[in-house]
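Visitor: Pasting a structure here, questions to come.
The values are calculated or read from the model by the stated rules, or taken from the named source; none is laboratory data. Predicted, not measured: the structure shown is a model, and the values here were computed from it. Cβ atoms come from the backbone with ideal geometry, glycine included; neighbour counts cover every protein chain shown. All accessible areas refer to the heavy atoms of the entire protein, side chains included, with ligands and DNA or RNA removed. Shrake-Rupley method; radii C 1.70, N 1.55, O 1.52, S 1.80 Å.
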Amino acid sequence: MNNSFLIRWQGRVTGPTTQEEIERRLATNEIGMLHEIQFNGEWMTIRMFLDLKSAEEKAKRTRLEEEDRQAREEMERQARQQAEKLDQAKLLQLRRQNELLEQQSSPPPDPMATSPSVAPSGLRNFGAFFLIVGLAVVAYFYFVFDPSVQSGIGRVVNLGLMADRQNGIIVGMGLAVVGAIMFALGSQNKN
């Protein structure tokens, strides 16, 4: 793009002149907005030229802002995907631990024993386990889990992580409620 321009006033052409020089001469009233400038092979008033340049800069700024917004959205999407993978891995590990605890806590069936009190005691134990696990999950997501991420302006709250925190608390409370109900039912049947 050409950085120097010809200026015309009442048929008299001067120049070439840079855009900075034109702006300086406008500021000192050496030339006015109705002077003509040659831009892209056409003559136009300096006012039209400055409006055109302003529109170009605005379009460039808008494009850069859009690219920045898209880059931020992509980073947030990737962070959400990583958080979801981490949550799935944690859930899988919790399931494996539960299965291991179930295998360890349930004794092999005794074909000679036909006591009806075995089932309520197991229900009570599982209820206590779910209650404790549920409260631990709630405590983790409420006190330890950090929904903020580092950005160029400091730490900001990530909506995806905030939703993960909320879901973790809800799941933990659900486990605690189910555990409390199972514990209560197991205790009733034992009596």
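Visitor: R0 = 45 Å: FRET efficiency of residue 90 with residue 59, Cβ-based, nearest 0.05? Numbers along the way, then the final one.
Guide: On the way: r = 46 Å, r/R0 = 1.03.
The computed FRET efficiency comes out at 0.45.
Visitor: For the chain, find the longest principal axis of its Cα atoms and tell me its angle to the long axis of helix 159-190, 0 to 90°, nearest 10.
Guide: It is inclined by approximately 10 degrees.
Visitor: At R0 = 45 Å, how high is the FRET efficiency between residue 162 and residue 187 if r is their beta carbon distance? Nearest 0.05 is fine.
Guide: Computed FRET efficiency for residue 162 and residue 187 comes out at 0.75.
Visitor: Could you size up the charge dipole of the chain around its Cα centre, putting +1 on the beta carbon of Lys and Arg and -1 on that of Asp and Glu, and report it in debye to the nearest 20?
Guide: Computed charge dipole of the chain: roughly 380 debye.
Visitor: Additional query: Under the rule of at least 5 residues apart or a separate chain, name every residue whose amide H is placed under 5 Å from the amide H of residue 39.
Guide: Here 44 satisfy the definition.
Visitor: Over the range 1-109, what is the relative contact order in percent, taking alpha-carbon pairs closer than 8 angstrom and at least six residues apart? Intermediate results must be reported in sequence, preceding the final value.
Guide: Values: 60 pairs, mean separation 14.8, N = 109.
Relative CO of the range 1-109 lands at 14 percent.
Visitor: Something else about it: Put a dot 7 Å past each Cα toward the Cβ at residue 24 and residue 146; how far apart are the dots in nm?
Guide: 5.2 nm
Visitor: Further, regarding this structure: May I ask for the distance between the Cα centers of the range 25-95 and the range 120-191, given as a whole number of Å?
Guide: 44 Å
Visitor: Would you mind checking the radius of gyration and Dmax of the chain based on alpha-carbon positions, in Å?
Guide: Rg then Dmax for the chain, in Å: 36.0, 118.
Visitor: Turning to a different aspect of this structure: Enumerate the whole-percent occupancy of each 10 Å bin, from 0 to the last occupied one, for all C-alpha pair distances of the range 1-88.
Guide: Percent of pairs per bin, in order: 15, 33, 16, 12, 11, 9, 5, 1.
Visitor: Which angle from 0 to 90°, rounded to the nearest 10, does the C-alpha axis of helix 118-139 make with the longest principal axis of the chain?
Guide: 20 degrees
Visitor: Could you report the range 28-92's accessible area per residue, 1.4 Å probe, as an integer in Å²?
Guide: 77 Å²
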